[in-house]
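Following: one structure in structure tokens, then a few remarks.
The values are calculated or read from the model by the stated rules, or taken from the named source; none is laboratory data. Computed from a prediction, not measured in an experiment: that's the story for all the values here. Please note: Cβ atoms are built from the backbone with ideal geometry, for glycine as well, and neighbour counts cover all protein chains shown.
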């Protein structure tokens with residue numbers, strides 16, 4: 001039989017404190033009252049520290065954030081709807097592909113201008129998306145071929161005669 005350990009409460013040397021008071025091992029020589037009063041001392045902040053709380057953490061202007069959202073949406077529409085069968089999703093894919101492949105710089109939110117403003121190389125991004133499209137379509141066509149082969153194997157074919165005379169010849173009975 002394993003003996004059970006007994007729990008004994010530690011009584012504080014100070015009678016005003018609770019018996020569950022835990023003395024901090026890292027406590028310095030300050031008295032308790034001095035530590036409590038230190039909470040109410042004013043904080044010393046440099047003006048740059050104070051103003052930093054009001055600055056944006058994400059260092060993009062609202063216009064750049066909008067451009068990033070437009071670019072992200074185009075890439076998502078391009079990748080998610082490449083093999084879509086729904087006409088609405090196919091339209092999303094075609095619009096995104098047309099916008100990405102268009103080299104026109106005449107309007108503010110063109111692919112070229114958005115990439116340039118955000119610091120991306122438009123040609124490199126376009127090339128990567130084309131490569132991704134080729135790989136996705138190749139894997140998709142391979143997947144379709146494998147599925148078609150399995151569908152063909154799993155089909156059961158029956159000879160159905162056109163009239164009763166053919167039925168007699170096939171089965172031997174009417």
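In table form, for the structure just shown:
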item	result
Hits in the stretch 47-98 (condition: outside any helix (DSSP H, G or I), within 20 Å of residue 122 (Cβ to Cβ) and out of contact with any helix residue (DSSP H, G or I) (no Cβ under 8 Å at 6 or more places or on another chain))	61
Filtered residues of the stretch 55-86 (kept if closer than 19 Å to residue 137 by Cβ and loosely packed, with under 10 Cβ neighbours inside 10 Å)	85, 86
Every pair of residues 6+ apart whose Cβ atoms lie under 7 Å, when the first sits in the stretch 125-146 and is free of Cβ contacts under 8 Å to residues at least 40 places away in the same chain while the second is part of a helix (DSSP H, G or I) and exposed (fewer than 13 other Cβ atoms within 10 Å of the Cβ)	126/101
Residue 126 assigned to a helix (DSSP H, G or I) and at pLDDT below 90	no
The one condition in (1) assigned to a loop (DSSP other than H, G, I, E, B); (2) in contact with a helix residue (DSSP H, G or I) (Cβ under 6 Å, 6 or more places away or on another chain) that residue 117 fails to fulfil	(1)
